[in-house]
Amino acid sequence: MDLSIQLLNARIAKHQLDELDNDFKQLSPAQQTLQLNHLYESALRMSIKYDFMQNVATRILTTNTPPAPFINQLTTTDALTFFTPALKENKGFLVQDSQGNNVLHNVFKHANAQKLAFNYVRSLMLFESNDDLVKALAQTNARGLTPVACYIAYADKPSTPIKHEFSALLALMEIEQKQNPTAKQQLANILKGADINETSILLSAAYLQRSTAQIAHLIRAI
């Protein structure tokens, strides 16, 4: 077990929560990521401690920027849910990894078709009014893609998202494009010559506001 995890466990066991912030600041980004992931994994193992572990993570990230490796590894809806209170602090939703991806890029890109995050993210925007989350939706990565564009370009999409997730995805497209109306062009560039399925063609058409026939023609253009 890494020393950073041993230290974290010792602090928690001794209720020395005030020391967590200073400890975290002394760690490397890799060790910081280990600590944060350990809190999440502990919460999953012991559901009775979920809220406590979530509060510890929030306490740490309220005064510390999430490390880039942590952003890169946060790829599931469940992890996003756990870390949402922490990411609301200190502009966590806008922090980018080494490829310029924020947490929405990574969660959407690695989307699990059985547990999509669109409705969850849309609900956060509707009911919790987090400006940074809205901005993160329009933030582009090193390839010029927004989180929704990453989903369309790279995620495994065996079928069209179920109705409420699809509706939420369309709403997220609208929110993104009100902020950054030119970003969608980069997806068009990525799609040229790409091998994509019918679901991706349909979603690309919705995102780019073109017909499916135009998208089919686009992907044949090299």
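The values are calculated or read from the model by the stated rules, or taken from the named source; none is laboratory data. Keep in mind it's a predicted model, so treat the numbers as computed, not measured. Methodologically, a virtual Cβ is constructed for each residue, glycine included, from the backbone with ideal geometry; neighbour enumeration extends over all protein chains shown.
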Problem set entry | Positions within region 125-146 being within 16 Å of LEU87 (Cα to Cα) and under 13 Å from the mean Cα position of the chain (by Cα), in sequence order | ASP132, LEU133, VAL134, LYS135, ALA136, LEU137, GLN139
Exercise. How do the pairs read when you match residues in region 3-26 that are among the hydroxyl-bearing types (Ser, Thr, Tyr) with residues anywhere that are in a helix (DSSP H, G or I) and surrounded by 16 or more Cβ atoms within 10 Å (Cβ to Cβ), using Cβ under 7 Å and keeping only pairs 6 or more apart or on different chains?
Worked result: SER4/GLN31; SER4/LEU34; SER4/GLN35
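Of PHE83, PHE93, which residue is in a helix (DSSP H, G or I), crowded, with 20+ Cβ neighbours inside 10 Å and in contact with a Leu (Cβ under 6 Å, 6 or more places away or on another chain)?
Selected residue: PHE93, the only one of PHE83, PHE93 that is in a helix (DSSP H, G or I), crowded, with 20+ Cβ neighbours inside 10 Å and in contact with a Leu (Cβ under 6 Å, 6 or more places away or on another chain).
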Seminar exercise, completed: Exactly one of LEU17, LEU34 is at pLDDT below 95 and aliphatic (A, V, I, L, M), and that one is LEU17
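Out of all the residues in region 97-114, is one or more farther than 21 Å from MET173 by Cα, crowded, with 19+ Cβ neighbours inside 10 Å and at pLDDT 95 or above?
So far as region 97-114 goes, yes, one or more of its residues are farther than 21 Å from MET173 by Cα, crowded, with 19+ Cβ neighbours inside 10 Å and at pLDDT 95 or above.
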Exercise. If we only count helices (runs of 4 or more DSSP H) wholly inside region 132-196, which ones have 3 or more residues that are closer than 16 Å to GLN99 by Cα and of a type outside the set (Val, Ile, Thr)?
Worked result: 147-154
Problem set entry | So THR77, is it touching a residue at least 40 places away in the same chain (Cβ under 8 Å), in contact with a strand residue (DSSP E or B) (Cβ under 9 Å, 6 or more places away or on another chain) and among the β-branched types (Val, Ile, Thr) | yes
